[in-house]
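First the structure, in the form of C-alpha cells, and then the observations on it.
The values are calculated or read from the model by the stated rules, or taken from the named source; none is laboratory data. Computed from a predicted structure; not experimentally measured. Note that we place each Cβ from the backbone using ideal geometry, even for glycine, and neighbour counts take in every protein chain shown.
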Amino acid sequence: MDKLSITGILLALGALVGGSILKGAGLASLWSPAAFLIVIVGTIAAILLHTPPVVFRRAFRIVGWVFNPPPSEREELLSQIVEWSNIARRQGLLGLESQVERQDDAFLRKGLQMLVDGVEPETMRHMLEIEVDNQEKQDLAAARVFEGMGVYAPTLGIIGAVLGLIAVMKNLADPSKLGHGIAAAFTATIYGIASANLLFLPIAAKLKGVIQRSSGEREMIMEGLIAIAQGENPRNIESKLAGFLH
C-alpha cells in the first residue's frame with residue numbers, strides 16, 4: 001500500500017475543503033450538479049473520444065497501482081538469478097528446466113524458457129527487448145489517459161464558468177441573484193483546475209513512476225538471463241545486476 005498516495009489524496013481534500021471554509025465560502029459552495037456535469041462528465045466524454053477502447057480499459061485496470069503498486073522484488077530477483085547461474089554452471093542450462101513452471105511472472109517465465117531452450121544470447125536480447133518496450137508503451141499510453149484528463153478538465157471548467165456567467169447575465173434585472181449566480185459560475189472553474197492538479201495529473205505521474213520501475217526490473221531480468229546464457233561467472237553477474245538495486 002502506497003501511504004504517500006493516500007496521504008496526498010487526504011491532504012488534497014483537506015486543502016480544498018479547509019480553504020473553502022477559511023475563505024468564508026463554506027462547503028455548500030463546492031457542490032454544483034451543473035459544474036459536475038460539465039466538468040467531470042465532460043472530461044470523461046472527451047477522453048473517451050480521445051482514447052482507443054483497449055487503452056482506456058488498460059488505464060482503469062492499472063489505476064489501482066497509485067495506491068497498491070506491484071511490489072518491488074529486485075533483491076529477491078538478484079538472489080534468484082545468481083542461484084540460477086550457479087545451477088547452470090553445475091548442471092548446464094537444462095538444469096533450469098524445472099524452474100520454468102514455478103514462475104508466476106510471464107516475462108520471467110518466457111525468458112527462462114528461452115534460456116533453457118538454448119536461444120542465442122543476442123536473439124534472446126532482441127526478443128526480450130521487444131517484450132519490454134511493448135509492455136512499457138502499452139502502460140505509458142494508459143497512464144497518458146489521466147494526463148489527457150488533466151488537460152481537458154481545466155478547459156471544461158472555463159466553459160462551465162462561461163455558461164454560468166451567461167445565466168447570470170440573463171438575470172441582471174434581479175440584483176439578488178447576481179452574487180449567487182457568479183459564485184456558482186466559478187465553481188466549475190474550481191472543479192476543472194482542482195481535479196486536474198490534485199487528481200488526474202498526479203495519478204498520471206505516479207503511474208509513470210511505477211511503470212518505469214517495472215521496466216527497470218524487466219531489464220534486470222533480461223540482463224541476468226543473458227549473462228547466464230553467455231556463461232558468465234555468478235559473482236560477475238551479481239556485481240553487474242547490483243547496479244539495478246539503486
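A few comments on the model shown:
- Scanning the stretch 230-238 finds one or more residues that are touching a Lys or Arg at 6+ places or on another chain (Cβ under 9 Å), at pLDDT 85 or above, surrounded by 15 or more Cβ atoms within 10 Å (Cβ to Cβ) and not in a helix (DSSP H, G or I).
- Residue check, Arg90 in a helix (DSSP H, G or I), over 27 Å from the mean Cα position of the chain (by Cα) and basic (Lys, Arg): yes
- Residues that are at positive phi and not β-branched (Val, Ile, Thr) occur in the stretch 108-130; there is at least one.
- Elements of type helices (runs of 4 or more DSSP H) in the stretch 1-83, at least 1 residues being of a type in the set (D, E, K, R), buried (at least 16 other Cβ atoms within 10 Å of the Cβ) and within 15 Å of the chain's Cα centre (by Cα): 53-62
- On inspection, Leu198 does not qualify as crowded, with 16+ Cβ neighbours inside 10 Å, in a helix (DSSP H, G or I) and either of a type in the set (Asp, Glu) or at pLDDT below 90 (or both).
- Hits in the stretch 193-205 (condition: more than 29 Å from Gln138 (Cβ to Cβ) and small (Gly, Ala, Ser)): Ala194
- Qualifying residues in the stretch 136-166 (those that are without any contact (Cβ under 8 Å) to a residue 60 or more places away in the chain and of a type in the set (Gly, Ala, Ser)) - the one farthest from Val210 (Cα to Cα): Ala161
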